[in-house]
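Since every read-out is calculated from the coordinates, none of them should be taken as a lab result. Worth saying up front: this structure is predicted, and the values here are computed from it rather than measured. Using ideal geometry, Cβ is built from the backbone for each residue, glycine included, and neighbour counts are taken over all protein chains shown.
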Amino acid sequence: MTQPHSVNELLTRAQQEAASEILQDVEPAEVASELAENALEFTDRMIVRGLSQSPRSEQPACAIHCTSCCHLHTTASVPEVILLAERVRVAIVPLEPLRENLSRHITQTTGLNANERRQMRLPCPLLKDGMCLVYEARPLVCRGWNSLEKQRCEADLVSPERGTQALLNVKQYRAASHIAQGLANAIQSFGLDARPLDLVRGLSIALEHADAATHWHSGDNLFASAVQELVFPPSV
Ligand code: SF4
């Protein structure tokens, strides 16, 4: 008898199917941002559903101006950084201060692996006055990460040697990570680059190349210098 699929497997499969349709039907210049929008929207819906099924004790404590996790290292897929670059160009004028921040962040973290970057607790360059400048387009990693206790995040921020000891709403975290996996599966099955990128380096490249979407779709290795280990730990 075949085993029923877990909710997480169903999320991965549903996202993979939706992304495959987009990859098949949408024009090359639009496909990356459409893939990202689709995955972000699906993730938001699944997170709302998961939280509605979680008891009060498992509701995240995350709130506006609560930015400890924006000082961790973040990864994102190519479609996500392309969408972010599109939104950044519209929302942030002039762009020069952000470009300088991205460049400074890259210099400070060159040669470090994901864990070492996390240890530095550098603020994400998209963080300003305690807010994400492009919150609506923030990546899947940012949507999935959460904390049931604000104090733990604050303690982690001032004492990076503790690691990250946040207690998570696991449904929220897993929804984002399994949808990210479905997106990556679809991209890979079309022979495109599905490797997770360092968010800062990926965004910097996407901002430098207005035609990044078509480069990626044609198989160019444009984002090679931004490739990083995945942030979602598989065991959570
Ligand atoms: S993209 Fe936005 S939500 Fe994500 S780490 Fe950066 S500032 Fe925080």
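Looking at 165, 109, 32, which one has the Cα that reaches farthest to the positive end of the dipole of the range 7-226 (charges on Cβ: Lys, Arg +1; Asp, Glu -1)?
165
Using 0.36 nm per residue, how much length does the chain from residue 63 to residue 121 gain when fully extended, once their Cα-Cα distance is taken away? Write down the numbers at each step before the final one.
Numbers: separation 58, 0.36 × 58 = 20.88 nm, distance 1.93 nm.
In short, 18.9 nm is gained.
Please find the FRET efficiency linking residue 54 to residue 211, where r is the Cβ-Cβ separation and R0 is fixed at 30 Å, and quote it to the nearest 0.05.
On the way: r = 43 Å, r/R0 = 1.42.
So the FRET efficiency works out to roughly 0.10.
Taking a label point 7 Å from the Cα of residue 155 along the Cα→Cβ vector, which residues of the range 62-84 have an amide N closer than 20 Å to it?
62-63, 66-72
Which FRET efficiency, nearest 0.05, do residue 30 and residue 162 yield, Cβ-Cβ r, R0 41 Å? Kindly include the intermediate steps, with their values, before the conclusion.
Details: r = 43 Å, r/R0 = 1.06.
It comes to 0.40.
At q = 0.19, 0.22 Å⁻¹, what base-10 log of I(q)/I(0) does the Debye formula yield for the range 29-177 when every alpha carbon is treated as an equal point scatterer in vacuo?
With one equal scatterer per Cα and no solvent, log10 I(q)/I(0) is -1.32, -1.55.
Can you give the percent of C-alpha pairs in the range 8-101 whose distance is more than 18 Å? Display every interim value, and only then the final one.
Working: 2813 of 4371 pairs.
Cα-Cα pairs of the range 8-101 separated by over 18 Å account for 64 percent.
Quick one: net charge around residue 153, please, counting Lys, Arg +1 and Asp, Glu -1 for every other residue with C-beta under 14 Å from its C-beta.
Details: positive: 118, 121, 150, 152, 162; negative: 149, 154, 156.
With Lys, Arg at +1 and Asp, Glu at -1, the neighbours total +2.
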